[in-house]
Amino acid sequence: MKLLTLNFLTCAIKTCKSNPASFPLHPKDAELEQIEIDMNPIFIRNILPRLDWVALKTLSSELGLASLPEDVPTEEELMGEDGEATQTLKDLHVLLMETGIASGRLCCGACGHEYAVKEGIANFLLPSHLV
Amino acid sequence: MLPTPSTSHVDPSRIYEPAEDSYLLLDTLSSGSETAFLQQRFPPETPCPLVLEVGTGSGVVLAFVNAHAKRILGRSDVAALGTDVNSFACKAAAQTVKLAASESGIGGALLDVVLGDLASSLIPGSVDVLIFNPPYVPTEELPTQPENVADEGLSRDAEFERDSHLLSLSYAGGVDGMETTNRLLEQIPQVLSRRGVAYVLLCKQNKPREVVQQIQGWPGGWNAEIVGSSGKQAGWEKLCVVRIWRVS
Ligand SMILES: C[S@@+](CC[C@H](N)C(=O)[O-])C[C@H]1O[C@@H](n2cnc3c(N)ncnc32)[C@H](O)[C@@H]1O
Ligand SMILES: [Zn+2]
């Protein structure tokens, strides 16, 4: 699963939704994979305002990836005057769209429940006693 | 007519095959009135819309919206996400979405198809376009959700049983065919963004007009309207698509 997906996911347990510790989910024993896909600079630019930057920084440091800039990159830092994608934009594309968790677990910081990731697919189904 | 995504790799013995209901969603979402509504709601230069299909099955609907994002939403910077309780469907749907996107060449971006119940793993307020073709057939019982069943090392009988259970999850809707749909409707006010809109397919036995009225009474200013239908029988539509959105 892509790292960008984790920006939109949280613990499936209802009572965790109001607890800020339930986001982001924390990867455990994550095996990463790199899958090349075409870059869409407009997509990266327009997804930025939707990112929880602090959470993304936490996530990439927990995964041992290169550290992100302190603040959200500005429009000028993403595209040059000629509209060319900058290195910052390319790095974000690699991090968000090409880097994925192939297997491991995702742990909720609020309740401690762990969701398995297998063959790149996260399993958010809850055992019946937690539904 | 926009091309329909190919689903020839989908195994019909354990995944819901595209049918009349799926095609009604494709027709409705690409109709003039809905594309106009969506494009007005998500102008270019606003943050990327997140499209979530709940219960992707083969993925034909999500693949269609993603591949034709430019025609439907007026922009191709769209993020597509799916969920299903059937792990085979999750895999197949991801493949369907990728295939259709590579054929169109200007599609949105698939994030993932995750295994899960409805929209319960999504961040509140995050979904811009939610689509659900639910299990809508009235049945005496609602099948249980799959627990972590192994997909390997099963006997033929056990495999057959698992597959029929998975297929029953794709159509069996319990009382009035509404048990799963009602749970999804309950999640909508929490999971939809302020600009969000949901499309939910219903059949005649689901009492669509009552469902629409009920949504119009939700606190906080909601509207619902039937925006697509098919299969007229004695003046009644067999299937219809309800659009649900915040009015204020
Ligand atoms: C009628 S089929 C629709 C499949 C596909 N979207 C289409 O239109 O062809 C319903 C789908 O919802 C899935 N489903 C059933 N209950 C669900 C739940 N609680 N959460 C997520 N998906 C569910 C089924 O596995 C099945 O794939
Ligand atoms: Zn939790």
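The values are calculated or read from the model by the stated rules, or taken from the named source; none is laboratory data. Just so it is clear, the structure is predicted and the values come from calculations on it, not from any experiment. We place every Cβ from the backbone using ideal geometry, glycine too, and count neighbours over all the protein chains shown. For the accessible areas, the whole protein counts, side chains as well, though only heavy atoms, and no ligand, DNA or RNA atoms are used. Shrake-Rupley method; radii C 1.70, N 1.55, O 1.52, S 1.80 Å.
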Completion exercise
Listed by first then second residue, the pairs whose first member lies in the range A:82-105 and is closer than 14 Å to A:Asn40 by Cα and in contact (Cβ under 8 Å) with a residue 24 or more places away in the chain, whose partner is among the basic types (Lys, Arg) and surrounded by 17 or more Cβ atoms within 10 Å (Cβ to Cβ), with beta carbons under 7 Å and at least 6 positions apart or on separate chains, are A:Leu96/A:Lys2; A:Met97/A:Lys2
Practice task
Output the number of the condition that B:Thr139 fails; it satisfies all remaining conditions of (1) more than 14 Å from every other protein chain (Cβ to nearest Cβ); (2) in contact (Cβ under 8 Å) with a residue 60 or more places away in the chain; (3) within 13 Å of ligand 1 (Cβ to nearest atom).
Solution key: (2)
Practice task
Determine whether A:Ser22 is within 12 Å of another protein chain (Cβ to nearest Cβ), buried (at least 18 other Cβ atoms within 10 Å of the Cβ) and either in contact with a Phe, Trp or Tyr (Cβ under 8 Å, 6 or more places away or on another chain) or more than 26 Å from B:Gln95 (Cβ to Cβ) (or both).
Solution key: yes
Practice task
Sort out for me the strands (runs of 3 or more DSSP E) sitting completely within the range B:18-134 that have 2 or more residues that are in contact (Cβ under 8 Å) with a residue 12 or more places away in the chain and away from every other protein chain (no Cβ under 14 Å).
Solution key: B:127-132
Practice task
Select, from A:Leu32, A:Leu25, A:Leu4, A:Leu48, the only residue that is within 21 Å of B:Asp117 (Cα to Cα) and away from ligand 2 (no atom under 12 Å from the Cβ).
Solution key: A:Leu4
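A quick yes/no check of all residues on (1) of a type in the set (Lys, Arg); (2) within 21 Å of B:Leu202 (Cα to Cα); (3) buried (at least 20 other Cβ atoms within 10 Å of the Cβ):
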residue: B:Gly116; (1), (2), (3): no, no, yes
residue: B:Val127; (1), (2), (3): no, yes, yes
residue: B:Ile131; (1), (2), (3): no, yes, yes
residue: B:Tyr136; (1), (2), (3): no, yes, yes
residue: B:Thr139; (1), (2), (3): no, yes, no
residue: B:Glu152; (1), (2), (3): no, no, no
residue: B:Asp157; (1), (2), (3): no, no, no
Exercise for the section: Report whether or not B:Ser30 is buried (at least 16 other Cβ atoms within 10 Å of the Cβ), over 26 Å from A:Leu4 (Cα atoms), in contact with a helix residue (DSSP H, G or I) (Cβ under 8 Å, 6 or more places away or on another chain) and modelled with pLDDT of 95 or more. Expected result: yes
Handout entry: Cβ pairs under 9 Å, 6+ apart, first in the range A:109-123 and within 13 Å of chain B (Cβ to nearest Cβ), second outside any loop (DSSP other than H, G, I, E, B) and within 10 Å of ligand 2 (Cβ to nearest atom)
Key = A:His113/A:Cys16; A:His113/A:Cys107; A:His113/A:Leu130; A:Glu114/A:Cys107; A:Tyr115/A:Cys107; A:Ala122/A:Tyr115; A:Asn123/A:Tyr115
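Yes/no matrix, rows are residues, columns are (1) within 20 Å of B:Thr56 (Cα to Cα); (2) surrounded by fewer than 16 Cβ atoms within 10 Å (Cβ to Cβ); (3) touching a helix residue (DSSP H, G or I) at 6+ places or on another chain (Cβ under 9 Å); (4) not basic (Lys, Arg):
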{"site": "B:Gly174", "(1), (2), (3), (4)": "yes, no, yes, yes"}
{"site": "B:Leu184", "(1), (2), (3), (4)": "yes, no, no, yes"}
{"site": "B:Val191", "(1), (2), (3), (4)": "yes, no, no, yes"}
{"site": "B:Arg195", "(1), (2), (3), (4)": "no, yes, yes, no"}
{"site": "B:Gln213", "(1), (2), (3), (4)": "no, yes, no, yes"}
{"site": "B:Gly221", "(1), (2), (3), (4)": "no, yes, no, yes"}
Problem - Residues of the range B:145-181 satisfying the condition of being assigned to a loop (DSSP other than H, G, I, E, B) and in contact (Cβ under 8 Å) with a residue 12 or more places away in the chain - result: B:Gln145, B:Pro146, B:Val149, B:Asp151, B:Gly173, B:Gly174, B:Met178
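Tally the residues that are touching a helix residue (DSSP H, G or I) at 6+ places or on another chain (Cβ under 7 Å), open to solvent by 30 Å² or more (accessible area, probe 1.4 Å) and either small (Gly, Ala, Ser) or within 14 Å of another protein chain (Cβ to nearest Cβ) (or both), restricting the search to the range A:76-91.
Going through the range A:76-91, the residues touching a helix residue (DSSP H, G or I) at 6+ places or on another chain (Cβ under 7 Å) turn out to be A:77-79, A:85-86, A:88-89.
Adding the requirement that they be open to solvent by 30 Å² or more (accessible area, probe 1.4 Å) leaves A:77, A:79, A:86, A:88.
Filter once more, so that each one left must be either small (Gly, Ala, Ser) or within 14 Å of another protein chain (Cβ to nearest Cβ) (or both): A:79.
Count: 1.
Taking the range B:182-194, which residues are in a helix (DSSP H, G or I) and touching a residue at least 24 places away in the same chain (Cβ under 8 Å)? It would help to see each step written out before you state the result.
Going residue by residue through the range B:182-194, those that are in a helix (DSSP H, G or I) are B:182-191.
Once the filter is applied, which keeps residues that are in a helix (DSSP H, G or I) and touching a residue at least 24 places away in the same chain (Cβ under 8 Å), the range B:182-194 yields B:Arg183, B:Leu184, B:Leu185, B:Gln187, B:Ile188, B:Pro189, B:Gln190, B:Val191.
Having 2 or more residues that are under 14 Å from the mean Cα position of the chain (by Cα) and at pLDDT 95 or above is the bar; report the helices (runs of 4 or more DSSP H) wholly within the range A:1-112 that clear it. Give the derivation first.
Values: elements: A:3-6, A:41-47, A:53-62, A:75-78, A:87-93.
Of the helices (runs of 4 or more DSSP H) lying wholly inside the range A:1-112, those with at least 2 residues that are under 14 Å from the mean Cα position of the chain (by Cα) and at pLDDT 95 or above span A:3-6, A:41-47, A:53-62, A:87-93.
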Practice task
Please go through the range A:40-54 and pick out each residue that is more than 10 Å from chain B (Cβ to nearest Cβ) and either open to solvent by 50 Å² or more (accessible area, probe 1.4 Å) or closer than 17 Å to B:Ser121 by Cα (or both).
Solution key: A:Val54
Handout entry: Where a residue in the range A:1-19 is more than 9 Å from chain B (Cβ to nearest Cβ) and its partner, wherever it lies, is of a type outside the set (D, E, K, R) and in a strand (DSSP E or B), with Cβ under 7 Å and at least six apart
Key = A:Leu3/A:Thr99; A:Leu3/A:Gly100
